[in-house]
Amino acid sequence: GAGVSQSPSNKVTEKGKDVELRCDPISGHTALYWYRQSLGQGLEFLIYFQGNSAPDKSGLPSDRFSAERTGGSVSTLTIQRTQQEDSAVYLCASSFNPSGANVLTFGAGSRLTVL
Amino acid sequence: GDSVTQMEGPVTLSEEACLTINCTYTATGYPSLFWYVQYPGEGLQLLLKATKADDKGSNKGFEATYRKETTSFHLEKGSVQVSDSAVYFCALSDQSGSRLTFGEGTQLTVNP
């Protein structure tokens with residue numbers, strides 16, 4: 001596609017429920033990243049994919065968080081048993097090829113609210 | 001680990017004022033440095049970048065110079081416009097490109 005597409009754009013859920021957030025990167029981009037942006041905070045790295053593998057998942061905050069990527073394209077971030085502190089905007093980004101100078105293209109984000 | 005520190009905001013300026021947003025970093029090796037901008041209601045987008053010491057990135061009247069001796073990458077603009085109101089993020093990437101480390105972001109408001 002023309003840009004990085006994320007869905008849903010907004011999700012309100014009850015504490016304890018599971019949620020899935022989807023990211024559709026730019027076609028041909030091999031690298032995919034998930035970040036979290038909490039109110040008044042900077043961007044927190046969650047996980048990085050190169051193709052379908054995740055060489056760096058060190059940013060996932062707990063074992064309730066998991067992510068996968070299939071076909072070198074779409075990625076899903078899953079949060080199990082959501083807590084109120086999970087409320088944030090979840091951003092996905094992709095890039096053509098990972099290198100120090102590469103530019104990430106970000107999606108508009110999925111805003112998650114846990115009641 | 002790598003880290004980025006930005007000046008605290010928010011910053012409020014009048015139109016045509018000069019802007020400087022300070023950014024310093026801690027990193028091993030030779031990182032690439034970036035400024036990203038998030039306009040109201042929009043996603044993050046690249047504003048400018050520099051990939052080696054003494055490089056100057058520039059775009060839309062904004063400039064930043066990669067200073068290795070002071071580990072800084074300050075964002076400057078000589079005359080801001082109302083349309084520059086946004087949140088600005090300084091960031092660095094290590095040579096592997098496996099992650100971008102961001103600063104806390106600086107909210108800029110420009111009043112007419």
Item checked: Cubic angstrom per residue, convex hull over Cα atoms of chain A -> 95 Å³
Notebook entry, point to check: Straight-line reach from A:Lys11: which aspartates and glutamates have a Cα under 13 Å away, not including same-chain ones fewer than 8 places off?
Noted result: A:Glu20, A:Asp86
Notebook entry, point to check: Carbon and sulfur together cover what percent of the accessible area of the protein assembly as shown at a 1.4 Å probe radius?
Noted result: 46 percent
Margin query: 7 Å from Cα along Cα→Cβ at both A:Lys57 and A:Asp18: what's the point-to-point distance in nm?
Written below: 1.5 nm
Checklist line | lysines whose Cα lies under 26 Å from that of B:Lys56, excluding same-chain neighbours fewer than 8 positions away | finding: B:Lys68, B:Lys77
Margin query: Buried by at least 20 Å² relative to the chain on its own: which residues of segment B:35-51 qualify, computing accessible area with a 1.4 Å probe on protein heavy atoms?
Written below: B:Tyr36, B:Gln38, B:Gly43, B:Leu44, B:Leu46, B:Lys49
Next item on the list: Please report the relative contact order for chain A, taking Cα pairs under 8 Å with a sequence separation of at least 6, and give it as a percent rounded to a whole number.
Entry: 37 percent
Item checked: Area of B:Thr26 that stays accessible when all protein chains are in place (1.4 Å probe, Å², to 10) -> 80 Å²
Notebook entry, point to check: Dividing the convex hull volume of the Cα atoms of the protein assembly as shown by its residue count, what figure in Å³ per residue is obtained?
Noted result: 118 Å³
Next item on the list: Return the whole-Å distance between the Cα centroid of segment B:78-99 and the Cα centroid of segment A:90-106.
Entry: 14 Å
Notebook entry, point to check: Per residue, how many Å² of accessible area does segment A:1-61 show with a 1.4 Å probe?
Noted result: 51 Å²
Margin query: How many Å² of accessible surface get buried when A and B come together, counting both sides, probe radius 1.4 Å, rounded to the nearest 100?
Written below: 1500 Å²
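The values are calculated or read from the model by the stated rules, or taken from the named source; none is laboratory data. On a predicted model such as this, the values are computed, not experimentally measured, just so you know. Methodologically, a virtual Cβ is constructed for each residue, glycine included, from the backbone with ideal geometry; neighbour enumeration extends over all protein chains shown. Just the protein is used for accessible areas: all its heavy atoms, side chains included, with ligands, DNA and RNA removed. Shrake-Rupley method; radii C 1.70, N 1.55, O 1.52, S 1.80 Å.
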